[in-house]
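A short worksheet on the structure shown next.
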Amino acid sequence: MHPSSCDTFVALPPSTERQCIIFGKNSDRPCDEVQEVVYFLARDYAPGEKVECTYIEIEQVAHTYAVMLSKPAWLWGAEMGANEHQVCIGNEAVWGRESADGDEALLGMDLVRIGLERANTAEKAVDVITEMLEKYGQGGSCMEDECSFTYHNSFLISDRKEAWLLETSGKHWAAERVEGGYRNISNQYGITTKIDKEHPEMRKYAQSQGWWDGETPFNFSTVYSFTTTARIEASGSRYCEGKKLLEKSNGHITAETIMDILRDKDSGINMEGMFMTTGSMVSVVPTDPALPGVHYFTATPDPERSVFKPFIFVKNIKPLKETSSPSYGADDPVKKKPRFQSKPDRKHELFVKHELVAAIMESYKDRGKKITESMRQLEKEKMTEMEKILSHGYEQADFLVNLFSKSVREEMAAYGKS
C-alpha cells in the first residue's frame, strides 16, 4: 500500500453557473476505515475549559459554532465539513523537504475541525489554524494502525465571498487568497509566488536550510517541495485531471459538475484499492447572505455507489444516529498507550447497509444497475428540492430539521426496494 489521499475543489463566480461558491472533496483513506457524518451544536464554555483532540488536549474557546463534519470514526478531527457561517474546509496530505515524523500533536484533521468550530469567515479560519499550528504543532499517526502514517497538511477553505489555500510544512506556512475562478489541490504544494499571508520566519528558515538563496523570487512550492517522488507524480496526475475537468465546465460549474468529478474513476479522483474514497462532500453556498447554503454528504465509500444527501444549518437539529459510529470512550484503543493494539467495530447503520448493497452491486450487475438508478433518482429529487431553496430561501425551518436524516432513511429504503 502506497498511502496517497484526497482531492479538493472550489469554484467561485464567474466560474459557477449562479452567484454561489461550490466546494467539494473526496476523502481518500484506508479501505477498511469507516467515515461518519456527525453534527455538533454551537456551544458556550467556561473559562479554563480544555478540549481533548485526537492525541493532545488544548485550551477551549468561549464559544464554538455549529458544525457538520465528515470524519474518520476513530479520531476527534475531520477530513472535511462546514459550519453555520457557511465556512467549508477540507485538508490534504502533503509531503516535502521537512520531515513529517514528529511527536504526537494536532493532526491536520484536528485543525480542520478547530477551524470550523472557531472561525466565521475563511480568512479567520486561516488565522485560527495557523495560530494553533504555531502553538501546538502538527504530528502523530493519521491512520488507525501501528504502522505510522504521517504528513504535513494543506487546506482549501471557502466562505460566501472567497476561498483561501493554506499550505504547511511543520510549523511554517503560506496562504493564498482565491477571489474568483476555480482551484483544486491534490497532495502537493500549489502556492507559488502569490503569497498573501505567511509565517514570519518561513523564508528565513528555508534560507537557513539551504533551500532558497534569498535572492531569486520566492516560490513556496519550489522551495518546500520534494524535487520528485512517485507519490508526488501520482498526485500531480490527479491534480491535472481535476483541473481539466473543472476547465471543461468553466462558467457553468454546478453542484452536479463537482459530484461528477468526484465520481470520476478514470482520473483516479474517485480512488479505488487499498486507499480509496471513503467519504465525499459537496457544498453550494450562495454569495447572498439571505440565502442558505446546502451541504451534501455521502457518509459512505465510493461516490459512484453513493447518494449525496443534503443538509442545511437550522435550529433544533438532532444527532444523526444513522451515520454516527459507536463510541467507546476511555476504553477506545486509540486512547490507550501503546495505541492501536486492536480495532473495534466502528460501522454505523448506513455504512453496514451500504456495504451489503455494494457487494450485491459488485456480484449482480443487472440488480446493481437498478439499485444505482434508484439511488440517482433519489439524489436528483433531493437536488431539485434544494434548487428552490438555494434560489428563494425557505419560510419554515421545521421541515429542514431532519433533512439529512430523512434522506439517509430514504436511501436505505431505496436499497430495500431494489
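So here's what we get for this one:
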item	result
Projected-area mean, region 39-179, by convex hull of Cα positions, square nanometres	7.9
Cβ charges +1 (Lys, Arg) and -1 (Asp, Glu), total dipole of the chain, debye	760
Förster radius 25 Å - calculated FRET efficiency between Glu349 and Gln396, Cβ distance, rounded to 0.05	0.35
Distant-in-sequence amide H partners of Val334 (H built 1.01 Å from N, under 5 Å)	Phe340
Whole-number percent relative contact order across the chain, with pairs defined as alpha carbons under 8 Å at least 6 apart	19
Region 134-191 versus region 342-418: alpha-carbon centroid distance in Å	30
Flagged links, alpha-carbon separation over 26 Å, of Lys135/Lys243; Lys315/Lys406; Lys353/Lys380; Lys25/Lys388; Lys265/Lys343	Lys135/Lys243; Lys265/Lys343
Derived scalar couplings ³J(HN,Hα) [region 272-289; Karplus, 6.51 cos²θ - 1.76 cosθ + 1.60; whole Hz; x for Gly, Pro]	10, x, 5, 10, 9, 6, 9, x, 9, 9, 9, 10, 10, 10, x, 6, 6, x
Given charges at beta-carbon only (K, R positive; D, E negative), |dipole| of region 23-160 in Debye	520
GNM result for the chain, Cα springs below 10 Å: residue of Ile58, Ile253, Ile185 fluctuating most strongly	Ile58
Compactness of region 84-127 - radius of gyration and Dmax, Cα, Å	12.4, 37
Calculated from backbone phi, Karplus (6.51, -1.76, 1.60) coupling profile of region 138-145 in Hz, x at Gly/Pro	10, x, x, 5, 9, 10, 7, 6
Length-normalised contact order of region 153-296 in % [C-alpha pairs under 8 Å, at least 6 apart]	17
Long-range HN-HN contacts of Ile253 with modeled amide H, under 5 Å	Thr16, Glu17
Computed accessible area, Tyr65, all protein chains, 1.4 angstrom probe, square angstrom	50
For region 298-312, Karplus couplings with θ = phi - 60° (6.51, -1.76, 1.60), whole Hz, Gly/Pro x	8, 6, 9, x, 6, x, 5, 10, 10, 10, 7, 10, x, 9, 10
Rg/Rh ratio calculated on Cα atoms of the chain (Kirkwood radius)	0.95
Mean projected area (nm²) of the alpha-carbon convex hull when region 145-243 is viewed from all directions	8.2
Per residue accessible area of the chain, 1.4 Å probe, in Å²	42
Listed residues Asp213, Asp145 arranged by accessible area, highest first, probe 1.4 Å	Asp213, Asp145
Carbon and sulfur %, accessible surface of the chain computed with the full protein complex present, 1.4 Å	49
Neighbour cut-off at most 16 other Cβ (10 Å), DSSP loop, GluC sites (Glu not before Pro), region 152-230	Glu179, Glu201, Glu215
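The values are calculated or read from the model by the stated rules, or taken from the named source; none is laboratory data. Just so it is clear, the structure is predicted and the values come from calculations on it, not from any experiment. Ideal geometry is used to build each Cβ from the backbone, glycine not excepted, and the neighbour counts take in all protein chains shown. In case anyone asks, the SASA skips ligands and DNA or RNA and just uses the protein heavy atoms, side chains included. Shrake-Rupley method; radii C 1.70, N 1.55, O 1.52, S 1.80 Å.
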